[in-house]
């Protein structure tokens, strides 16, 4: 479902939005009226509050990848849901309204990934130059991880960071 279509459905009152992103991403900006249900809670069996009410569901994440996973999980439980194409990235690009939660500064999971990878690369390079060349395996390993994430659309480090307490 496109962002403009979702906005029209929200205004008509015929849809319920489920946001499966992390707490930090949610606090950074979400669709007004959306239900916060992180993907890991859905994986543990929690269901959207309106799943039993028979209301149309639309699942949202940052780019659409996690929402597609959530859609498959719900389909396996007998609940049909649509996915917002392009996720919150597309919603923001279309200039749609977002609600932000108070509670301090939030750093998105992807920025946390970038900080971790950048730090590991710098440390690995410094150790490889000044201590032993074997330390160059650190930036080699992180580079391979980035290639796998780009090829599959799933970042293992992002999945780990999303489960950290500060992202709940």
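Listed values, structure above:
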{"item": "Matching option when the condition is without any contact (Cβ under 8 Å) to a residue 60 or more places away in the chain and surrounded by fewer than 21 Cβ atoms within 10 Å (Cβ to Cβ), among 70, 41", "result": "41"}
{"item": "Segment 44-62, residues that are touching a residue at least 40 places away in the same chain (Cβ under 8 Å) and surrounded by fewer than 18 Cβ atoms within 10 Å (Cβ to Cβ)", "result": "55, 56"}
{"item": "Lone qualifier among 100, 77, 66 - being closer than 30 Å to residue 14 by Cβ and over 19 Å from the mean Cα position of the chain (by Cα)", "result": "77"}
{"item": "For residue 24: the one exception among (1) at pLDDT 85 or above; (2) under 18 Å from residue 89 (Cα atoms)", "result": "(1)"}
{"item": "Boolean, residue 32 is surrounded by fewer than 21 Cβ atoms within 10 Å (Cβ to Cβ), modelled with pLDDT of 90 or more and assigned to a loop (DSSP other than H, G, I, E, B)", "result": "yes"}
{"item": "Members of segment 146-165 found to be touching a residue at least 40 places away in the same chain (Cβ under 8 Å) and over 19 Å from residue 40 (Cα atoms), listed by number", "result": "none"}
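The values are calculated or read from the model by the stated rules, or taken from the named source; none is laboratory data. Computed from a prediction, not measured in an experiment: that's the story for all the values here. Note that each Cβ is placed from the backbone with ideal geometry, even for glycine, and that neighbours are counted across all protein chains shown.
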